[in-house]
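Here's the structure we're looking at; comments come further down.
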Amino acid sequence: MVISVRCLTITLIISLLLVACGKDIPAPPAAETTAAAAAPATPAPPSLIAREVLFGNPERTAGAISPDGRWLGNLAPRDGVLNVYVAPMDNPEAIKPVTNDRLRGIRGFNFAYTGNHVLYGQDVGGDENFQVFAVDLTTGEEKALSPKGSRASVANLSSKIPEEVVISVNDRDPVYFDLIRVNLLTGDSVRLIENKEFAEVYVDDDFALRYAAKQTADGGQEYFTRNGDAWRSWSVVPQEDALTTGLAGLTTDGKTLYMLDSRERNTGAAYAINTGTDERSLLHEDARADVNGAIVHPATGAIQAVSVNYLRNEWTAIDPDIGPDLEKLQAIGDGEISVVSRTLANGHWVVVLSRSDATTKYYLYDRAAGTTTLWFDTRPALADAALAPMHPVEIKSRDGLTLVSYYTLPTESDPDGDGKPAQPLPMALVVHGGPWGRDGYGLNSAHQWLANRGYAVLSVNFRASTGFGKDFVNAGDLEWGRKMHDDLLDGVAWAVNVGIAQEDKVAIMGGSYGGYATLAGLTMTPTEFACGADTVGPSNLVTLLSTIPPYWGPIKKTFTTRVGDETTEDGRKLLVERSPLTYADQIQRPLLIGQGANDPRVKQAESDQIVSAMQSKNIPVTYILYPDEGHGFARPENRLSFNAATEEFFGTCLGGRVEPVGDDLQGSSITVPAGAEILTGLKAALDSLAAAPEG
């Protein structure tokens, strides 16, 4: 079954993965230049970690085991593009590719219960119209399970009906997602529901319609249960609980519904609900943070353990049977464990061990023997790199909120490891997207990259970030560019006050909402930051909300109640006031902008508008545009090229170390409509690329 502990509400803008996949093949030491004079450091800084190692493809990732235990699978590069590889469980060395994507790379997959199929989704150029495909592991035949041009995903897989899958797809109506039951062997399909009103519809493991959700006028949620051939109202969630309450899955027998619920409390707690009587049982609660994850029994669907992520992720066993397993897994090593895949018989697991200053590793756990075996390291080229530890910290906002934050220091600045640099450093404030998401502990490529270049790096969970209870997330309602931005400024002030950051050498960067925060920082507080790097950030909140994808229509009230309502006079006034575009003429500090031309969430017009406004005032800006990308840069060649430009940009304004652009534009689709000449290394690389013979 497909189950997760999560909120139902679909977020406006997911976080741009600056923690991008990295191609970890051995590379020669990177050459180094200095963009600005700096005082000699003691001890000497470590060797530069090449961008290719941090932001290219991983050597392997996304490991999984098939439900019948016959196959191991993972993602790995095939001719430089991520594809699905599969090997027999009893012969992992016989791994071979079973897909042949040539463009964007595959970012996830599932084993079907047939024991002979792999499912994956792919879009075109970042348009997010994902098409679902199935690959037969015996014949190699690939079959499209959903039509091209619509948006589809796997809604459910069931061990009871192994040869079929339920697909969620908006092929009939771009606004609403129907559920289609597809036979993996024949390709035949049956439409379970023509959905004309719900934001989401849930089926059980018999593929029967069970629950549905519809947004209420105030931005809350109303849940319905299936009663014969009709829907009956079952539960209403007010707007204040909508981001911290949601259905989390059914057991295989359909008799227990799991729910994350913050009603009559602050943090989202995990509940089990008897579907026959509606009797509720509290499974776990934590006053600090919402329940954010679960380990589910592969055969019964029962929740066996839950996690809470405050400063770091913590697992609690609900089923005593799994407690000894968690203890054994934690003994693998220092770091955080995740159980990402299990066989249906529960005899073999795939476990991930992650920590902030070491490479992420996948292990195979034999439950009967109680043994773990290293399967693979995602980034072995980082194994000998001088990675820096991430430090969790609680920062107080000016109005008394606790901002869970994370910072990383250059290793040479903190030789005793106490989390305090010998002297204040230039700093990068990296802002997460969403805004309904969060930063957390772990190996963060952006933090490691920037720390390696000599910068302190800070990420602040500002109000509106999720995971810390409804009071904290709701404190961000209608506070874009105001209190949400104040929290970021308070984080910077803390870093200055404790001696981490140089007050006049702080950059701001981020993607999606983080890109908006960057634009807000440089327009609304034009002297607070030394420079800013924005990726796919909205500049005009009126046009942002008036051009959302059609399938966000059923959850539109999330935006109107939490960002602003562009359909009313007062709402438009607020949105104009909070739009960086309104203050574009106030920009005083250098700005770099990156955009995907096919972004369905933050349209290219958002970047075009602010670039045009700056040019009309003769304010310099560097604008990088990728014609084959969407909301973030999926192709590693494009990530590398943009990060090469960003590194030179930060070196110019903050004075850190810079790896030359070199060949990092090769294979990318980079275009620079404005300001290439501002970055001399980028301009030279572009000229060299243009002069190179084709082919």
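Counting only Cα atoms, region 338-475 measures 53, 40, 23 Å along its principal axes, largest extent leading. Taking every Cα-Cα distance in region 387-467 and sorting them into 5 Å bins starting at zero, the pair-distance distribution P(r) comes out as 3, 16, 25, 25, 17, 10, 4, 0 percent.
From its DSSP helices (H runs of at least four residues, each -39,500 (n - 2.57)), the chain gives a residue-normalised ellipticity at 222 nm of -5000 deg cm²/dmol.
Both radii were evaluated on the Cα set of region 621-668; the Rg over Rh quotient, with Rh as the Kirkwood radius, amounts to 0.99.
Values of log10 I(q)/I(0) for region 591-695 across q = 0.17 Å⁻¹ run -0.80, by the Debye formula with one identical scatterer at each alpha carbon and no solvent. Over every Cα atom in region 311-355, the radius of gyration and the widest Cα-Cα span, Dmax, amount to 10.9, 34 Å.
Each Cα pair under 8 Å and six or more residues apart adds its sequence gap; the mean of these over the residue count of region 319-476 is a relative contact order of 17 percent. Normalised radius of gyration (Cα atoms, divided by 2.2 N^0.38 Å) for region 236-305: 1.08. Measuring spread by the Cα atoms of region 170-233 yields a radius of gyration and Dmax of 13.0, 45 Å.
With the Kirkwood sum run over all distinct C-alpha pairs, region 275-423 has a hydrodynamic radius of 18.1 Å.
Its Cα gyration tensor gives region 423-551 an equivalent ellipsoid. The semi-axes, each the square root of 5 times an eigenvalue, are 24, 16, 15 Å from largest down. Using the Cα coordinates of region 134-199, the gyration tensor eigenvalues translate into equivalent-ellipsoid semi-axes of 23, 14, 9 Å, sorted from longest to shortest.
Note on region 185-270: percent of Cα-Cα distances in each 5 Å bin, starting at 0 and stopping at the bin with the largest distance, equals 3, 13, 22, 22, 18, 12, 5, 2, 2, 0. So what is the orientation-averaged projected area of region 233-276, using the convex hull of its C-alpha atoms, in nm²? Spelled out: convex hull of the Cα atoms, projected over all directions, averaged, 3.3 nm². Normalising by residue count, region 271-347 has a Cα convex hull of 106 Å³ per residue. Taking the number of Cβ atoms within 10 Å of each Cβ as an exposure proxy, the fewest-first ranking of Ser539, Ser168 is Ser168, Ser539. Over region 349-389, the alpha carbon radius of gyration divided by the compact-protein estimate 2.2 N^0.38 Å works out to 1.32. Each 5 Å bin from zero holds the following percent of Cα-Cα pairs in region 99-157: 4, 19, 29, 27, 14, 6, 1. Rg and Dmax, both from the Cα atoms of region 653-693 and both in Å, are 11.0, 36. The convex hull around the C-alpha trace of region 436-489, projected and averaged over every direction, spans 4.2 square nanometres. Principal axis extents of the Cα atoms in region 452-520, from largest to smallest and rounded to whole angstrom, are 36, 24, 21. Cβ crowding within 10 Å, taken as a proxy for footprinting-reagent exposure, orders Glu164, Glu141, Glu503 from fewest neighbours to most as Glu141, Glu503, Glu164.
Directionally averaged projected area (region 83-231, Cα convex hull): 10.5 nm². Relative contact order (percent) for region 530-592, with alpha-carbon contacts under 8 angstrom and 6 or more residues of separation? This gives 52 percent for region 530-592. The value of relative contact order for region 202-337, using C-alpha pairs under 8 Å at least six residues apart, is 12 percent.
Out of every Cα-Cα pair that the chain contains, those further apart than 45 angstrom amount to 17 percent. Backbone geometry of region 671-678 corresponds, through the Karplus equation with coefficients 6.51, -1.76 and 1.60 at θ = phi - 60°, to 3J(HN,Hα) couplings of 10, 10, x, 8, x, 4, 5, 5 Hz, x marking Gly and Pro.
Rule-based calculations on the coordinates, nothing more; no lab input. Since the structure is predicted, the reported quantities are computational estimates derived from the model, not experimental observations. Quick reminder, even Gly has a Cβ in these numbers, built from the backbone with ideal geometry, and neighbours come from all protein chains shown.
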